Amino acid sequence: FMTGEEASFFALTDGEIILPFGTAQDHKRVGEGDTGPNTGGMGAYSPAPVLTDNLIDHSMREIVEPTVRALSDEGMPYSGVLYAGLMLTDEGPKLVEYNIRFGDPECQVLMMRFEGDLAALLMACATGKLADAEPVRFSDDTALTVVMAAQGYPGTPKKGGAIDLGDAEAEGAKVFHAGTARGEDGGLISSGGRVLN
C-alpha cells in the first residue's frame with residue numbers, strides 16, 4: 001500500500017531516446033464529493049500541478065530511463081508511449097503501473113494542449129529517429145475534461161437516452177464521444193457507460 005497523491009506522467013521513446021510528453025491527473029470515483037466506486041476515469045486535467053519540474057526530472061532519471069534501458073538490455077527495446085502511473089509519496093514518486101498508451105480520459109486533455117505533429121513524433125518513435133524530432137511543445141493553458149456517464153455506470157449502464165449537444169462547442173469546448181450512437185430518428189443516444197467527455 002502506498003500513501004500519496006496519484007498522477008500520470010507520459011513519455012515517448014524510440015527505445016533509446018526518451019522525451020517527456022506531459023502530465024495529467026484523473027478522477028476515478030463516480031459520485032460527487034469523491035464518493036462511490038472507482039471507475040475507468042470520470043475526468044482529467046493537464047498539466048498536473050503536483051508533478052513539479054523536480055519530480056518530473058526524478059521520475060525520468062529513477063523510473064522511466066532505467067525501464068527503457070532494461071528493456072533494451074534484455075533484447076526487447078520498446079518504442080512508443082510510456083504512461084507511468086505514479087504515486088507521489090513522502091519518499092518521492094513510486095511507480096504504480098505502466099501503460100503503453102495515452103489513456104482515457106488523460107489523452108483528451110493532453111491532446112488539447114499539444115502543439116505539434118503527433119503522427120511525426122510517433123513515426124520518429126517507430127523508426128528510431130526521435131533524436132531528430134521536433135521538440136515537444138504544449139500550450140501553457142490548462143485543459144480539463146468531465147465525463148458524462150449513463151445512469152447506472154459503472155455497473156450496468158442505462159442505454160438509449162437522448163443526447164442534445166446544442167451549442168456545446170460554441171465557446172471553445174471540445175466534445176469527445178465515447179458511448180454514443182445514432183438512434184432510429186438519426187439523433188444521438190447513449191450506448192455505453194462513459195458517454196461523452
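Surface composition of the stretch 61-197: carbon and sulfur atoms hold 49% of the protein heavy-atom accessible area at a 1.4 Å probe.
Quick one: which of 1-8, 72-79 comes out on top by average Cβ neighbours within 10 Å, and what's the full order, highest first? Provide the component values of the computation, followed by the final result.
Working: 1-8: 14.2, 72-79: 12.6.
Ranking the peptides 1-8, 72-79 by packing returns 1-8, 72-79.
Packing order of peptides 120-130, 88-98, highest average first: 120-130, 88-98 (average count of other Cβ atoms within 10 Å over each peptide's residues).
Quick check on the chain: helices-only [θ] at 222 nm, where DSSP H runs of length 4 and up contribute -39,500 (n - 2.57) each and the sum goes over total residues. Nearest 500, please.
After summing the helix terms and dividing by the residues of the chain, the value is -5000 deg cm²/dmol.
With the Cα gyration tensor of the stretch 94-193 giving a ≥ b ≥ c as the square roots of its eigenvalues, does the rule (a/c under 1.5 for rounded; else a/b larger than b/c for prolate; else oblate) give rounded, prolate or oblate? Judged from the Cα gyration tensor, the stretch 94-193 comes out prolate (a/c at least 1.5, a/b above b/c).
What value does the stretch 1-157 have for Rg/Rh, both radii from Cα atoms and Rh as Kirkwood defines it? Could the numbers behind the result be given before it?
Numbers: Rg = 16.4 Å, Rh = 16.5 Å.
My calculation puts Rg/Rh at 0.99.
Sort out for me the Cα centre separation of the stretch 153-197 from the stretch 62-115, rounded to whole Å. Each part's Cα centre sits 30 Å from the other's. Looking at the chain, the accessible area is 57 square angstrom per residue; that uses a 1.4 Å probe and ignores ligands, DNA and RNA.
Sorted by mean Cβ packing within 10 Å, highest first, what order do the peptides 157-167, 36-46, 182-192 take? Walk me through the numbers on the way to the answer.
Details: 157-167: 11.8, 36-46: 18.3, 182-192: 13.4.
The peptides rank, most packed first, as 36-46, 182-192, 157-167.
The values are calculated or read from the model by the stated rules, or taken from the named source; none is laboratory data. Everything numeric in this text was worked out from a predicted model, so none of it was measured. Positions of Cβ are backbone-derived with ideal geometry, glycine not excepted, and every protein chain shown enters the neighbour counts. Accessible surface areas use protein heavy atoms only, side chains included; no ligands, DNA or RNA. Shrake-Rupley method; radii C 1.70, N 1.55, O 1.52, S 1.80 Å.
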